[in-house]
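See structure below.
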Amino acid sequence: MYLYIKALHIIFIVTWFAGLFYIVRLFVYHTEAQSAEEPRRSILQEQFKIMMKRLWYGITWPSAVLTLIFGPWMVILLGDIPGWLWVKLVFVLGLYSYHFILHGIFKGLMKDQFRYTSTQLRIWNEVATIFLVAIVFLVVLKSLLSMAWALIGLVAFTGVLLLAIRLYKKAREKRSS
């Protein structure tokens, strides 16, 4: 039974992350459509709202809920909570916090409230990547000592992501001038 629950947990983690990655891309596109001329702006933004709503409520939220069901179920079947799993649960708590923050951004964008620039949203998009890397390394290594090295790598990886975002922004600005 444990392996079936584990398989379902992994499936819904994958679909949840797919939703988290894509929703922020849609936030970026929706925000960038603000600079388009009418009627293109309205057409694009209405289409992005439809896409965001379907993705958020049809895939991302159900996957987050099912992940939350199958994860604890696995822990109950496992019967013991090793040290590395406690650390993973802290990252998972952070991931759910990120999910709720994205929900707030989603609700604002559905009301045409643009609180973030497309560059800021690109940075938000990378937060899920950071959580993914941290959680996968913890699950695979199952070692807190190895996790210390993984955290050093994660910090370096985060720095590279932020540098890539900055370079991409400069390249886009250069192309548009």
| note | With 0.36 nm assigned to each residue of separation and the Cα-Cα distance removed, Ile43 to Ile11 gains 8.1 nm
| field | Estimated 222 nm signal from helices in the chain, with DSSP H stretches of n ≥ 4 weighted -39500 (n - 2.57), rounded to 500 | value | -30000 deg cm²/dmol
| task | Using packing as a proxy for protection, rank 134-142, 25-33, 1-9 so that the peptide with the highest average count of other Cβ atoms within 10 Å comes first. | result | 25-33, 134-142, 1-9
| request: First check a/c for the chain, with a ≥ b ≥ c the square roots of the eigenvalues of its C-alpha gyration tensor; if it is under 1.5, answer rounded, and if not, answer prolate when a/b is larger than b/c or oblate otherwise. | output: oblate
| If you put +1 on each Lys and Arg Cβ and -1 on each Asp and Glu Cβ, how big is the dipole of the range 2-176 around its Cα centre, in Debye rounded to 20? | 400 debye
| Whole-angstrom gap from the range 1-30 to the range 32-104, using each part's C-alpha centre | 7 Å
| task | Quick one: how many lysine pairs does the range 2-176 have with C-alpha atoms less than 21 Å apart and a gap of 8 or more or different chains? Give me the count, please. | result | 7
| task | Estimate the FRET efficiency between Ala164 and Tyr2 by the formula 1/(1 + (r/R0)^6), using the beta-carbon distance for r and 45 Å for R0, to the nearest 0.05. | result | 0.70
| query | Given Met52, Val87, Ala128, which one lies farthest toward the positive end of the charge dipole of the range 43-177, if we put +1 on the Cβ of every Lys and Arg and -1 on the Cβ of every Asp and Glu? | reply | Met52
| query | To the nearest 0.05, what FRET efficiency results for Met51 and Ser143 with a Förster distance of 35 Å applied to their C-beta separation? | reply | 0.30
| field | Taking the chain and dividing mean pair separation by its residue count, relative contact order in percent (alpha carbons under 8 Å, at least six apart) | value | 29 percent
| message | With an 8 Å Cα cut-off and a minimum separation of 6 or more residues, compute the relative contact order for the range 9-96 in percent. | response | 41 percent
| remark: Distribution output for the range 67-164: share of Cα-Cα pairs per 5 Å bin in percent, first bin at 0, values 3, 11, 18, 20, 16, 14, 9, 6, 3, 0
| request: State the extension gain, in nm to one decimal, for the chain segment bounded by Trp86 and Glu32, taking 0.36 nm per residue of separation less the distance between their alpha-carbons. | output: 15.5 nm
| Looking at the chain, do any whole DSSP H helices span at least 18 angstrom along their long axis by alpha carbon and average -0.5 or above on Kyte-Doolittle, and which? | 2-32, 61-78, 83-110, 118-141, 144-176
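Throughout, read-outs are computed from the coordinates displayed, never taken from laboratory work. Since this is a predicted model, take the numbers as computed values, not measurements. Counting neighbours? That spans all protein chains shown, and the Cβs are built from the backbone with ideal geometry, glycine included.
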